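Asker: Below are the structure tokens for one structure; questions will follow.
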Amino acid sequence: MKRIIKMKNGSELEVGLTGNADRKVIMLPIAKKSVTGQEAETLKLWGVDPELGAKFIAGLSDEYQILHFDYEGHYMAHPYPDHFTPEHITQDLLRIADQMNVNQFSYYGYSWLALVGLQLALRTDRIESLIMGGFPPYKGPYEEMRVVTARTYEEALKQHGKLEHEQEGQASMNSEQIYPDEVDWDNIQIQIDPAQTKQFVTMYQSLLDFDDQLIQDQLSIPRLTFAGEKDTIVYGEKFGNVTVNIAERLQKNKKILENFGWTVEIIKGEDMDHTKAMQPSTVLPVIQPWLKSYLS
């Protein structure tokens with residue numbers, strides 16, 4: 001079943017509900033639509049599966065009912081720069097569940113959508129289990145990401161309207177020709193709509209007073225957190241000279257998290273960086289047995 005749902009800001013999002021109606025529901029806001037041709041080849045260069053959403057749905061729909069949509073893609077197409085707060089996002093996700101007649105559900109999100117899952121779990125009793133990939137639920141890098149997103153927004157403002165003056169040979173954020181190992185991250189131009197990146201500045205700014213160490217005892221549902229062991233991103237001067245080390249934070253606080261009731265998985269592999277650890281072939285073997293143990 002597919003339905004077009006009008007969001008709080010008036011934009012329209014396509015949402016699907018797949019699988020046996022008698023099964024438990026898993027919300028997948030990470031379910032991007034499959035792409036083909038040059039766009040697919042470009043994604044492969046970056047280590048991204050062009051059928052990411054479809055493979056997650058296929059990998060889980062035998063056992064569960066899957067509530068799936070591309071939340072990030074939607075807001076890149078319909079940015080809401082001044083109002084993209086955890087409260088707004090939570091209202092969006094609950095509106096989607098309501099419109100699809102889903103009362104209780106589990107949630108899986110990766111990176112900032114993992115952060116969103118934690119915020120959602122703190123604001124509703126409708127979540128049955130929570131899976132956070134690529135963003136630690138304890139001592140998360142909120143300040144670092146606030147700096148990175150703020151700098152990205154500043155650069156986007158500088159470049160907005162000046163694309164025709166791009167220097168020859170310089171990489172750009174939206175280039176389809178550049179290879180990942182050729183990118184000079186210190187000199188890359190940010191060629192995206194400032195409104196797109198400003199919404200993430202709004203989100204992280206709104207979390208300045210959030211302390212994820214103080215909320216752990218508010219969570220009683222089953223919950224899993226994971227990251228690739230090489231999940232470290234070092235940003236240059238243009239992005240505030242910050243390092244976002246997801247794996248190290250998760251490993252360092254593993255026992256604390258387990259004491260709070262989290263299942264913690266560090267996915268091994270020399271190439272297991274932030275992108276690799278979000279692909280279906282990596283994630284499904286981790287979350288399938290965990291979901292079966294808690295939702296069956």
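The values are calculated or read from the model by the stated rules, or taken from the named source; none is laboratory data. These numbers come from a predicted model, not from an experiment. Virtual Cβ from ideal backbone geometry, glycine too; neighbours counted across all protein chains shown.
Asker: Taking the stated definitions as given, is PHE200 modelled with pLDDT of 95 or more, under 21 Å from VAL48 (Cβ atoms) and surrounded by 10 or more Cβ atoms within 10 Å (Cβ to Cβ)?
Answerer: yes
Asker: Additional query: Just give me the residues in region 219-243 being crowded, with 20+ Cβ neighbours inside 10 Å and closer than 25 Å to LEU122 by Cβ, in sequence order.
Answerer: Selection gives ARG223, LEU224, THR225, PHE226, ALA227, ASP231.
Asker: Kindly indicate which of GLY19, GLY37 is more than 16 Å from TYR71 (Cβ to Cβ) and touching a residue at least 40 places away in the same chain (Cβ under 8 Å).
Answerer: So the residue among GLY19, GLY37 that is more than 16 Å from TYR71 (Cβ to Cβ) and touching a residue at least 40 places away in the same chain (Cβ under 8 Å) is GLY19.
Asker: Does at least one position in region 36-43 carry a residue that is over 28 Å from LYS198 (Cα atoms), part of a loop (DSSP other than H, G, I, E, B) and of a type outside the set (Ser, Thr, Tyr)?
Answerer: Looking through region 36-43, none of the residues is over 28 Å from LYS198 (Cα atoms), part of a loop (DSSP other than H, G, I, E, B) and of a type outside the set (Ser, Thr, Tyr).
Asker: Report the residue count in region 52-77 for those that are buried (at least 17 other Cβ atoms within 10 Å of the Cβ), farther than 18 Å from GLY19 by Cα and in contact (Cβ under 8 Å) with a residue 60 or more places away in the chain.
Answerer: Matching residues across region 52-77 total 2.
Asker: If you scan region 83-131, which residues turn out to be of a type in the set (A, V, I, L, M), closer than 21 Å to PRO289 by Cβ and over 14 Å from the mean Cα position of the chain (by Cα)?
Answerer: ILE127
Asker: Do any residues in region 207-223 that are closer than 16 Å to GLU258 by Cβ and part of a helix (DSSP H, G or I) have Cβ atoms under 9 Å from those of residues that are hydroxyl-bearing (Ser, Thr, Tyr) and modelled with pLDDT of 95 or more, where the two are at least six apart or on different chains, and which pairs are they?
Answerer: Between residues of region 207-223 that are closer than 16 Å to GLU258 by Cβ and part of a helix (DSSP H, G or I) and residues that are hydroxyl-bearing (Ser, Thr, Tyr) and modelled with pLDDT of 95 or more, the close pairs are GLN216/TYR138.
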